[in-house]
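Here is the structure we will look at, set down as structure tokens.
The values are calculated or read from the model by the stated rules, or taken from the named source; none is laboratory data. Treat the numbers as computed from the prediction; the structure is a model and nothing was measured. Quick reminder, even Gly has a Cβ in these numbers, built from the backbone with ideal geometry, and neighbours come from all protein chains shown. Please note that ligands, DNA and RNA were not included when accessible areas were found on the heavy atoms of the full protein model with its side chains. Shrake-Rupley method; radii C 1.70, N 1.55, O 1.52, S 1.80 Å.
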Amino acid sequence: MSVSTALKGLLLGGIILALGACRDDAERAEAHYQKALELIEEGDTVRASIEFRNVFQRDGAHLEARATYAAMLREIGDTEQSYRQYLRLVEQDPGHVEGRIALAEMALSFQNWEEARWHGTRVLERAPDAPEAGVIALNLDYLAAIEAEEIGARQAVAQRTRALLESDPDNLLLQRLVIDSLIRDFDFEDALDVIDASLATNPDSKLLHDTRLQVLAALERYEAFEAQLQDMLVRFPEDEELQWVLLRFYLSRDDTASAQSYLTNLSDTADKPETREQALLALVRLLMAREGPQAAMAELDRIIEAQEGDTAPYRALRASAQFESGDRAAGIKEIESLLSEDLSLIDRGRYQMVLAQMLLQDGDTAAAQGLVDAVLGADPNQTDALKMRAVWLIEEDDTQSAIRNLRTVLDETPEDIVALTLIASAHARAGNRELSREFLSLAAQASGSAPAETQRYARALIEDERYLLAEEALIAALRLDRSDIDLLSLLGLVHLRMSDWAQAENVERRLREIGTEEAVAQANRLHAALLAQRGNTEEVINFLKGLASLAGDSDVGAQAAVIQAHLESGDVDGALALAEKISSDNPDNLSYVLVLASVQAGAGQLDPAEANFRRVLEARPEALEGWVGLIRVLDAQNQEEAVQSALKDAQTALPESLDLLWIQAGFLEEAGDFEGAIALYEQLYEQENDSLVVANNLASLISTYRTSDEDLNRAYEIARRLRGSDFAPFQDTYGWIAYRRGQYDDALDHLEPAVQGLPDNALVHYHLGMTYLALERSSDALERLRQAVELAGPEDDRAQFVQAREQIEALEAKAAE
């Protein structure tokens, strides 16, 4: 037999064997499927799940089994796993209508709008007459109306939904749409009625209970709110965040006695050791704030003495309390003593991280980093160490490594608020604003709409002009605490940006109801901004004058606001007259002298402005505003030596001031000392690497005046966060770096709007001209480069404009040919 004949025989035999195995697998898979159906009939879903897994091991394409398994999981409440199984189903059979319907309905219930739109649209395309299609269509119409900010359209969809709800009263998707619309219209009483009716048929809906909680807070029914929370704690014991919502509720009402009692009870009864420790830590901090550190440590002493088992966690807490009380050396010594004992790997890592935090706060960063390295050397997945290392990596612009560290944390604890916030920061630093915003949203959700996390998320949304989502997030947080001044102030800003005057006035009214000095000040700012945005300049000035007279001479801010209003309306003489009057009426008040000097400088009265700035600085050399004003006045008079002398004196008086370093960097840049300016911006960046302006200036200088690949990569690492910005200087910086990296389309997307925003900047025109040249748009390049050299002037011999003139000559010669 030839070799080829033997091979053919072996191959044929292998095929026959494989076909036999396939038939055998298919038959066994079907047998397991039939057994699973029997077990479902008997109500034994646990064993049925095992049989379904056996089916898929032998036949992963068994669509009927996949659909039945997904439906069973949904029925028993395992919606997350059910969703995954339905996704596998529609991947294998994209036209599976029942699978698409289930996915659309679950995505709507999860409030995953993009997924809901995708699967819902497929349902409406393939089965528009299906009974569920009408409900899905209503929800998609409602979502579209919200995104378009069309209130009338949204209310019309809600009205249609109410009509449909009469014939299908138990449909949770219809109920929730109606509830959401009522809440958006601030019709909380009707919303509460619909929620209660929905809970009668869906008593275990977590989302309905959450919504009821928020509505009770909005109605200020605090006893009912507390009762609802207590019921949810029993009903949803796995949701540990509810414990901290109840604590925040007590603290928001200044009911520290209830908060203390609740934490004491929680620390005594919690099943999980980590929950007990969290409760104890919160109790210690509450006692420190309410009664001082000695009371907190006394409570810990009581716990340690009563503890029969391991006291190490509480000793670590006591060391932390001692450290936070101000006795840092004793706290560090205590935790070091604890670490000298025989501990498990996990406990040692935890307490080493407590010590690392102490050392970091104490200024010993190197020792803290050494501890983190040691912890991760022993346990590469220690979450606290990974988070701390991620902070340093983000500061070093090594965002990829930071994200890898944080993903490890989130694999272990998906709702770790600190990790979610840090990974959002890392993505923002890397220029991925969308992912950053998504993780901030997850952090806000995981925190139960806590104030700090909600504000971070809302600010990101405001920056991207997604005001409706920002409004929703802030309102959700305020339903838990209607007296949070920071949340209310941010909500007022959102309403201003949306030109929603009525809602802005509601926020102002609520701030005045709170009545504290800070709340009233924020209400006044909001009212003035409302008047200004409506174009009522005279009303703004009169309102601020009234504030100033009510506040008395001590309120410099109110008087300064009136002056600012005059200036913004173009009334320079009025601003100057008012500044001179309040200064002469209060000759010993240097704050008024500083205001007068600033107005004089703005009005071009440079000599009297200089005299008044010097008068302030003689008495108060620590007044940064005085130094900044004096330096600017001297610079406006072209007194270069005097400027340098004043800057030197200012830095002697305020050696730690970053503002003065910034000013010095600006002067160096103007003088053409670009390397000196870069060196100063590097110092600023070390201390303020979260500042977009510092990042922009440093990256701009490096990419403009250095040519090596290493420098270009450094500039790109710094500037990635500027990608997609609508601020012209940031667009120019990122666009030029993109050009230098050969990413011409990306460069064009940023540089064209940058020229619109900075029409008088020669370098921006040069950057766009060179980009047009790279894209072979010769006529556009010629026009833009001509504009660049015209703005720069014939005396500007910087390399960019020398090159621009050469390119113009080449382009003109080519055009002539």
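Miscellaneous remarks
- Backbone phi angles across the stretch 246-262, fed through the Karplus curve with coefficients 6.51, -1.76 and 1.60 (θ = phi - 60°), yield HN-Hα couplings of 5, 4, 4, 4, 4, 5, 5, 9, 6, 8, 5, 5, 5, 4, 5, 5, 5 Hz in residue order; Gly and Pro are listed as x.
- Computed with a 1.4 Å probe over protein heavy atoms only, the accessible surface of the chain comes to 50 Å² per residue.
- Degrees, to the nearest 10: 273-291 long Cα axis against longest axis of the chain: 30 degrees
- Rounded Å value of the spacing that divides the Cα centres of the stretch 349-411 and the stretch 649-727: 28 Å
- Per-residue packing, averaged as other Cβ atoms within 10 Å, sorts the ranges 624-636, 216-228 into the order 624-636, 216-228, beginning with the highest.
- Applying both filters, DSSP loop and at most 14 other Cβ atoms within 10 Å, to the GluC sites (Glu not before Pro) of the stretch 247-339 gives Glu308.
- For the stretch 51-158, the set of chymotrypsin sites (Phe, Trp or Tyr not before Pro) satisfying both a DSSP loop assignment and a count of at most 16 other C-beta atoms within 10 Å is empty.
- As a length-normalised measure over Cα pairs under 8 Å and 6 or more apart, the relative contact order of the stretch 405-481 settles at 21 percent.
- Sorting the segments 262-271, 412-421 by their residues' average number of neighbouring beta-carbon atoms within 10 angstrom, most packed first, yields 412-421, 262-271.
- Sorting Lys333, Lys272 by accessible area puts them as Lys333, Lys272; the probe is 1.4 Å, largest comes first, and only protein heavy atoms count.
- Maximal additional length on extending the Glu809-Leu63 stretch stands at 261.6 nm, based on 0.36 nm per residue less the C-alpha distance.
- Of the labelled figures (i) 51; (ii) 46; (iii) 43, only one reflects percent of Cα pairs over 42 Å apart as derived from the coordinates, namely (i).
- Within the accessible area of the chain, the carbon and sulfur atoms contribute 48%, probe 1.4 Å, all protein chains present.
- Look at the alpha carbon pairs under 8 Å that are at least 6 residues apart: their mean separation over the length of the chain gives a relative contact order of 4 percent.
- Converting phi to 3J(HN,Hα) with the Karplus coefficients 6.51, -1.76 and 1.60 and the offset θ = phi - 60°, the stretch 586-595 yields 10, x, 8, 9, 5, 5, 5, 5, 5, 4 Hz in sequence order, with x at every glycine or proline.
- When the C-alpha to C-alpha distance is required to be over 28 Å, the pairs from Lys35/Lys272; Lys272/Lys387; Lys206/Lys272 that qualify are Lys35/Lys272.
- Degrees separating the helix 133-147 axis from the principal Cα axis of the chain, which is the longest one: 10 degrees
- Length gained on full extension, Asp745 to Leu345: 138.8 nm, using 0.36 nm per residue less the C-alpha separation.
- Euclidean distance of C-alpha centroids, the stretch 458-514 and the stretch 285-319, integer Å: 39 Å
- The C-alpha atoms of the chain define a longest principal axis, and helix 467-478 lies at about 80 degrees to it.
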